[in-house]
C-alpha cells in the first residue's frame with residue numbers, strides 16, 4: 001500500500017538533463033511535459049466541459065506575488081506562467097523562457113553572477129497585450145519593493161542591474177552566486193506591467209481581485225466563500241486548455257469534501273485530499289480513480305542538539321533504533337505513508353536512495369546506550385554524568401494521530417530506559433517563538449525542507465541559520481552545527497550543474513542521516529481522487545498543488 | 001418615546017464601545033496572530049514575517065491599533081481583510097445573502113411548525129402528541145447539527161439521491177428551482193433545533209396564558225373553546241415570542257456555524273470561522289461589531305413592538 005507510483009518509466013531524469021544540456025532542445029519539446037503515452041485518448045479540438053476541483057481551504061489571494069497560502073497556487077498555475085516550470089521528475093523546463101539558462105549554454109556566466117534569459121515572442125496577456133521582458137523586470141522589481149506585501153523575497157533580494165536587452169531578452173547580475181534561484185523562478189509568476197504600473201498602490205490594485213495573466217485559463221468570477229470560475233484562454237501559447245471551465249470549489253470540511261466526491265458534486269479532490277482513513281473505502285468507489293501520491297512533506301522528530309541528553313550520537317542512534325516505524329504507519333496512519341531516511345522527497349531529482357535503512361531493534365538500542373555509558377538508575381531511567389535520559393516531546397495539541405504516535409513512542413522508549421514526557425501546545429504557540437528559538441527538547445513536525453523544490457537546505461542545517469544563536473536567519477531549529485555540512489551547503493548554493501549538485505546533496509543527506517539531528521518518522525503520502533473520465537491528469541509533487549497543469553486536463 | 005429611544009441609543013453606544021474593546025483585546029490575546037500561518041512556510045524567514053507585520057501595522061502598540069481602527073470605523077471605514085484584500089463591508093455583503101436565504105427559510109419553517117406544536121401541546125397537555133413533541137424536542141436539542149446534517153446527506157443525497165449533498169446551487173445552474181432544491185435539506189436540519197426551541201417556549205407561554213383570569217372570564221361567558229384559544233390565548237401567548245424573535249434576529253444574519261460548514265453554504269457563519277482561523281482581524285472585528293449592532297437593534301425592535309401591541313406596556 002505504501003508503494004509509490006513512480007510514473008516516469010518512459011522518461012529518465014538523466015535523459016532530460018542531457019536534453020537540457022543540448023541548448024534549446026528542451027524548449028522545443030517542453031509543451032509535451034507529460035510525456036503522454038501513444039495510446040492515450042486525444043483531447044478535444046475545442047475546449048469542452050467543466051472540471052470542478054474541491055478544496056478544503058478557500059483560495060483568497062490572487063496576486064501571485066503577494067503573501068498567500070499553498071491553496072492559492074492552483075489558481076496561479078492556471079492563470080499565470082513563470083519563466084520556468086518544474087516537471088513531475090523534478091527537472092526544470094522552460095515556460096515563458098525559451099530555454100533554461102545554464103553555464104553550458106552561456107545563459108549563466110561561469111562565476112554564476114550574470115544571468116541572461118531569452119523569452120518566447122508569441123505570448124500575450126489575457127487582455128491581448130504582448131508579454132515582454134519589461135513585464136519580467138517589473139515583476140522582479142515589485143517583489144523587492146519595500147512597500148509591497150510580497151511573499152518570500154529570498155533570492156530576489158540578490159538581483160542587481162535588471163536590464164531589458166530586447167522584448168525577448170533580459171539580463172541581471174546576482175550579488176552572489178545562488179543556484180537555488182533557478183528553482184525559485186519556477187514559482188515566480190509573471191504579472192503584467194501595463195496594468196499594475198497604473199495602480200497607485202499595488203497592494204490594493206483591482207488586478208488583485210480579477211487577475212490577468214498569460215496562462216491557459218482566464219479569470220472568470222469569484223463567488224466569495226464558495227468557488228472561483230476560470231475560463232479557457234483560446235490564445236494560450238502552450239498545449240491546451242481542453243476544458244471550457246475550471247472551477248475551484250471551496251468545501252470547508254474534509255469529511256464533506258470526501259462526501260461530495262462520492263456524490264459526484266466535485267470531479268477532482270484537491271488540497272487537503274482524501275483522508276488516509278478513507279483510502280480503502282475510496283478505492284472501491286465506482287467510476288473514480290484513487291491514487292497514492294508521495295508528498296514532499298515528511299514527518300519527523302526534531303531533536304534540540306543543545307540539550308545535554310542529545311549531544312551524544314549514540315543516544316540519537318538508540319532512539320532511532322527504538323522507533324517501530326512500520327508499526328506506526330500501519331497502526332496509526334492506515335498504511336498510507338512511506339518510509340524515508342531523509343528530508344529529501346522521493347520524487348526529487350536529488351533524492352538519495354542509498355542511505356542506510358533504519359531497523360527497529362530494541363536490543364541494539366539498549367546496547368548502544370550501554371556501550372556509551374548510559375546506565376539505568378533506581379527508577380529504571382538511564383543516566384550519565386548526572387544527566388538523566390529524559391526529555392519532553394512537543395507537538396500540536398489536538399492532533400489525535402500525533403498524540404497516539406507520542407504515546408506509542410513513549411512506551412517503546414521506556415523499554416530502553418528512556419523517559420519521554422508529552423507536553424503539547426496549540427499550533428499558534430508551538431510554531432511561534434517556542435519553535436523558532438528552539439525552546440523545546442524534542443518536537444514532532446511535518447513539513448517540507450525544500451523551498452520551491454530546490455535541494456538547498458541551508459535554512460535548515462547551516463550553522464548560520466540558527467535563530468536562537470546570534471539571531472541567525474533561517475530555521476535550523478535543532479541548532480545543528482557541522483562545519484562539513486556548512487561547507488557542502490555553501491558549495492551547493494554556488495553550483496549550477498544539476499549532476500554536480502546531486503553529488504553534493506547526496507553527501508548532505510548521508511551526513512544528516514549519520515548525525516541524526518532529526519529522526520524521520522515517515523514520508524507523507526496523499527490520497528488523490530478524481531472521476532475516471534478525466535484524462536491528462538498528472539500529479540507533480542514538486543509543486544504544491546494538484547492543479548499545476550490543468551491545461552492538460554480533458555474529459556474522455 | 002423619543003426620550004426612551006435617545007436613552008437606549010446612548011446606552012447602545014456605550015455597549016458597542018465596550019464590546020469592541022473587549023473583542024479587540026481578546027482577539028489579540030490569541031497566540032500567534034495573522035502571521036503564524038506562515039511560520040512553517042519553508043523559505044519565509046523571520047525577516048519576511050517581521051516585514052509583513054510592519055506593513056500591516058501589526059507591530060504597533062495594541063492601543064494605537066485599537067484607536068486607529070475605531071477612528072476609521074467612525075468615518076465609515078471598516079478596514080480591509082488581510083486574507084482577500086477587500087473592504088470588510090464588501091466581504092460581509094458577499095456572504096450575507098446566503099445566510100439570509102438559509103436562516104430566513106429555516107426560521108419561517110421553525111416559527112410556523114414550532115408555534116403550532118407549542119399551542120397544540122399546551123391545549124392537549126399530557127396527550128400522546130404532547131409527549132412525542134416533548135421527547136422529540138429534547139432529541140432535536142441534544143443531537144449535534146453536524147451529525148444530523150451528515151446523516152441527512154448520507155440518506156437523502158448518497159443513498160436515495162433525492163437531494164443534493166450540500167452547496168447553495170449547482171455550478172452553472174442559477175435557476176430558482178435549483179436554489180430551492182439545495183435549500184431543502186440545510187433549512188430543515190437547521191429548523192429542527194429551532195422548532196424545538198420555539199415549540200417549548202410557545203407551549204409554556206400558551207399554558208401561562210390559559211391560566212389567566214381573562215381566559216376564565218371568556219370561558220364563563222360561553223365563548224367556544226376554539227375561539228378562546230384563537231382569540232384570547234394565542235394572541236397573548238405570542239407576546240413573549242416577540243422578545244424571543246428579537247433575540248434570535250442577529251442569528252438570522254450572522255449565520256449558522258455548523259450547518260453552513262456541513263452543507264458547504266457560503267454564509268456568514270463560515271466567514272466568521274475562516275476569518276478567525278486565519279486571524280483576519282479586520283473581518284473578525286467587523287463581524288463582531290455587526291452582530292453586536294444587530295443584537296442591540298433586535299432587542300430594541302422587540303421592545304418597541306411589544307409596547308405597540310401590548311397596551312399594558314409603556315416605554316419610558
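The values are calculated or read from the model by the stated rules, or taken from the named source; none is laboratory data. Source: prediction; values computed, not measured. Don't worry about glycine lacking a Cβ; one is built from the backbone with ideal geometry, like all the others, and counts go over all protein chains shown.
A quick yes/no check of all residues on (1) over 38 Å from the mean Cα position of the chain (by Cα); (2) farther than 13 Å from residue A:415 by Cα; (3) in the same structural domain as residue A:334 (by TED's automatic domain parsing):
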residue	(1), (2), (3)
A:356	no, yes, yes
A:365	no, no, yes
A:370	yes, yes, yes
A:377	yes, yes, yes
A:383	yes, yes, yes
A:391	no, yes, yes
A:394	no, yes, yes
A:398	no, yes, yes
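Only one of these is in contact with a helix residue (DSSP H, G or I) (Cβ under 6 Å, 6 or more places away or on another chain), surrounded by fewer than 18 Cβ atoms within 10 Å (Cβ to Cβ) and either more than 14 Å from chain B (Cβ to nearest Cβ) or modelled with pLDDT of 95 or more (or both): A:216, A:275, A:200. Name it. Going through A:216, A:275, A:200 in turn, the sole match is A:275.
Figure legend. Inter-residue proximity from region B:244-265: first residues away from chain A (no Cβ under 14 Å), second residues buried (at least 23 other Cβ atoms within 10 Å of the Cβ) and part of a loop (DSSP other than H, G, I, E, B), beta-carbon distance below 8 Å, spacing 6+ or different chains. No pairs are indicated.
Here residue A:447 meets the list (1) out of contact with any strand residue (DSSP E or B) (no Cβ under 7 Å at 6 or more places or on another chain); (2) within 14 Å of chain B (Cβ to nearest Cβ) almost entirely, failing just condition (1).
For region B:255-316, give me every one of the helices (runs of 4 or more DSSP H) that falls completely inside it and has 1 or more residues that are surrounded by fewer than 22 Cβ atoms within 10 Å (Cβ to Cβ) and at pLDDT 90 or above. Counting at least 1 such residues, we get B:268-277, B:281-309. One residue stands out in region B:10-34 among those that are surrounded by 12 or more Cβ atoms within 10 Å (Cβ to Cβ) and without any contact (Cβ under 8 Å) to a residue 24 or more places away in the chain: the one that is farthest from residue A:436 (Cα to Cα), namely B:11. Taking the criterion of being crowded, with 16+ Cβ neighbours inside 10 Å, within 12 Å of another protein chain (Cβ to nearest Cβ) and touching a strand residue (DSSP E or B) at 6+ places or on another chain (Cβ under 9 Å), the residues of region A:136-173 that qualify are A:143, A:148, A:149, A:150, A:151, A:152, A:154, A:155, A:156. Check whether at least one residue in region A:188-210 is part of a strand (DSSP E or B), farther than 23 Å from residue A:56 by Cα and not assigned by TED's automatic domain parsing to the domain that holds residue A:257, and report yes or no. Taking every residue of region A:188-210 in turn, at least one turns out to be part of a strand (DSSP E or B), farther than 23 Å from residue A:56 by Cα and not assigned by TED's automatic domain parsing to the domain that holds residue A:257.
Scanning region B:41-52 for residues that are in contact with a helix residue (DSSP H, G or I) (Cβ under 9 Å, 6 or more places away or on another chain) and within 9 Å of chain A (Cβ to nearest Cβ) returns B:41, B:42, B:43, B:44, B:45, B:46, B:48, B:52. I need a count of the residues in region A:219-239 that are touching a helix residue (DSSP H, G or I) at 6+ places or on another chain (Cβ under 9 Å), part of a strand (DSSP E or B) and under 21 Å from residue B:90 (Cβ atoms). Summing the residues that are touching a helix residue (DSSP H, G or I) at 6+ places or on another chain (Cβ under 9 Å), part of a strand (DSSP E or B) and under 21 Å from residue B:90 (Cβ atoms) in region A:219-239 gives 4. For region A:92-103, give me each residue that is surrounded by 24 or more Cβ atoms within 10 Å (Cβ to Cβ), in a loop (DSSP other than H, G, I, E, B) and touching a helix residue (DSSP H, G or I) at 6+ places or on another chain (Cβ under 7 Å). Residue satisfying the conditions is A:100 alone.
The residues in region B:142-157 that are surrounded by 13 or more Cβ atoms within 10 Å (Cβ to Cβ) and either without any contact (Cβ under 8 Å) to a residue 60 or more places away in the chain or over 20 Å from the mean Cα position of the chain (by Cα) (or both) can be counted, and the count is 9.
Just one of the numbered conditions (1) more than 15 Å from the chain's Cα centre (by Cα); (2) at pLDDT 85 or above; (3) assigned to a helix (DSSP H, G or I) is not true of residue B:222: (3). Taken over region A:475-494, the residue count meeting the criterion of being in a loop (DSSP other than H, G, I, E, B), on the phi < 0 side of the Ramachandran plot and either more than 21 Å from the chain's Cα centre (by Cα) or within 14 Å of chain B (Cβ to nearest Cβ) (or both) is 6.
When the residues of region A:465-474 are filtered to those that are within 12 Å of chain B (Cβ to nearest Cβ) and either at pLDDT below 90 or surrounded by fewer than 18 Cβ atoms within 10 Å (Cβ to Cβ) (or both), the one that is nearest to residue A:311 (Cα to Cα) is A:468. Only a single criterion out of (1) more than 11 Å from every other protein chain (Cβ to nearest Cβ); (2) surrounded by fewer than 18 Cβ atoms within 10 Å (Cβ to Cβ); (3) not in a loop (DSSP other than H, G, I, E, B) is not satisfied by residue A:176, namely (3). Being assigned to a helix (DSSP H, G or I), free of Cβ contacts under 8 Å to residues at least 40 places away in the same chain and away from chain B (no Cβ under 13 Å) is not true of residue A:430.
Here is a yes/no grid of residues against (1) within 11 Å of chain A (Cβ to nearest Cβ); (2) at pLDDT 85 or above; (3) surrounded by 13 or more Cβ atoms within 10 Å (Cβ to Cβ):
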residue	(1), (2), (3)
B:39	yes, no, yes
B:54	yes, yes, no
B:57	no, yes, no
B:61	no, yes, no
B:64	no, yes, no
B:70	no, yes, yes
B:73	no, yes, yes
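The requirement of being modelled with pLDDT under 95, surrounded by 21 or more Cβ atoms within 10 Å (Cβ to Cβ) and not in a helix (DSSP H, G or I) is not satisfied by residue A:246. Restricting region A:293-314 to residues that are part of a helix (DSSP H, G or I) and over 23 Å from residue A:403 (Cα atoms), the residue that is nearest to the chain's Cα centre (by Cα) is A:313.
Considering only residues that are in contact (Cβ under 8 Å) with a residue 60 or more places away in the chain and surrounded by fewer than 22 Cβ atoms within 10 Å (Cβ to Cβ), look in region B:205-218 and name the one that is farthest from residue B:101 (Cα to Cα). It would help to see each step written out before you state the result.
Taking region B:205-218 first, the residues in contact (Cβ under 8 Å) with a residue 60 or more places away in the chain are B:205-207, B:210.
From the residues that got through so far, the ones that are surrounded by fewer than 22 Cβ atoms within 10 Å (Cβ to Cβ) too are B:207, B:210.
Values: B:207: 33, B:210: 36 Å.
Only one residue tops the list, namely B:210.
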